[in-house]
1. Has the range 88-105 got any residue that is free of Cβ contacts under 8 Å to residues at least 12 places away in the same chain and closer than 22 Å to residue 120 by Cα?
2. Would you confirm whether or not the range 99-107 contains a residue that is surrounded by fewer than 19 Cβ atoms within 10 Å (Cβ to Cβ), modelled with pLDDT under 95, polar (S, T, N, Q) and under 18 Å from residue 12 (Cα atoms)?
3. Which is in a helix (DSSP H, G or I), among the aliphatic types (A, V, I, L, M) and within 25 Å of residue 44 (Cα to Cα), of 75, 61?
4. Which of (1) within 14 Å of the chain's Cα centre (by Cα); (2) of a type in the set (Gly, Ala, Ser); (3) part of a loop (DSSP other than H, G, I, E, B) does residue 108 not meet, given it meets every other one?
5. Can you tell me which of 94, 129 is in contact with a His (Cβ under 8 Å, 6 or more places away or on another chain), at negative phi, of a type in the set (A, V, I, L, M) and not in a strand (DSSP E or B)?
6. Give me the residue from the range 23-58 that is in a helix (DSSP H, G or I), in contact with a strand residue (DSSP E or B) (Cβ under 8 Å, 6 or more places away or on another chain) and touching a residue at least 12 places away in the same chain (Cβ under 8 Å) and, out of that set, surrounded by the fewest Cβ atoms within 10 Å (Cβ to Cβ).
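The values are calculated or read from the model by the stated rules, or taken from the named source; none is laboratory data. What you see is a predicted model; the values in this text were computed from it and never measured. Every residue, glycine as well, gets a Cβ built from its backbone with ideal geometry; the counts of neighbours run over all protein chains shown.
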Amino acid sequence: MQRTLILLKPDCVQRRLMGRIITRFEDKGLSFVAMKLMQVTPDLAKEHYAEHVKKGWYPTLESFITGGPIVAAVLEGLEAITVVREMLGATNGLSAAPGTIRGDYSSSRQMNLVHGSDGPEAAKREIALYFKPEELIDHDPTIAAWLRAVDE
C-alpha cells in the first residue's frame, strides 16, 4: 500500500470539478485517508514548490496556487503514486490523452486541475506539509476485499 498527496487546485475548485475528480479516484479503488478545504499561503507555496522558487515563472505559479481555495487530500492504494499520475495525464492539458483527468478537463499547462506527488519521497514530504499525522485516518474500507486480492 502506498500513500500520495493530491491537491485539487484553485481552477478545479472554481470550475466545480471537485466531485467528478474525487469520484474518479474512488471509482479506481483508491481510498481517501485525509481531506480538507484550505487556502495555500505564499509561505506554504514556497515550501511545496521549493525547487521552483528561483525560476522566472515561479511568481505566476505562486499567484495561481494561492489565488483561491484548494482541496488537499491523501489517497491510499496499491501503487497509488503511479496510478494517480497516470490518471492525471500529461502536465499540459493540451497534450494529455483523452480519458485522463487533464485530457478531459484541462487545456492549460499551469491550470491543470490537480497536483499529484511524483514519487515516494515527494509524497512523504508533501503529505507532511499539508497534514498532521493525527489527520491521517487509517481504515480498511469494507469494499477492499472486492477491489484487490488478499495477497496484493
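1. no
2. For the range 99-107, residues surrounded by fewer than 19 Cβ atoms within 10 Å (Cβ to Cβ), modelled with pLDDT under 95, polar (S, T, N, Q) and under 18 Å from residue 12 (Cα atoms): present.
3. Working: 75 fails: in a helix (DSSP H, G or I).
Result: 61 is the single residue among 75, 61 that is in a helix (DSSP H, G or I), among the aliphatic types (A, V, I, L, M) and within 25 Å of residue 44 (Cα to Cα).
4. (1)
5. On the way: 94 fails: in contact with a His (Cβ under 8 Å, 6 or more places away or on another chain).
Selected residue: 129, the only one of 94, 129 that is in contact with a His (Cβ under 8 Å, 6 or more places away or on another chain), at negative phi, of a type in the set (A, V, I, L, M) and not in a strand (DSSP E or B).
6. In the first step, residues of the range 23-58 are kept if they are in a helix (DSSP H, G or I); the result is 23-28, 42-48, 50-52, 58.
The next check asks that each one be in contact with a strand residue (DSSP E or B) (Cβ under 8 Å, 6 or more places away or on another chain); those that pass are 25-26, 28.
Checking which are touching a residue at least 12 places away in the same chain (Cβ under 8 Å) leaves us with 25, 28.
Numbers: 25: 22, 28: 15.
Result: 28.
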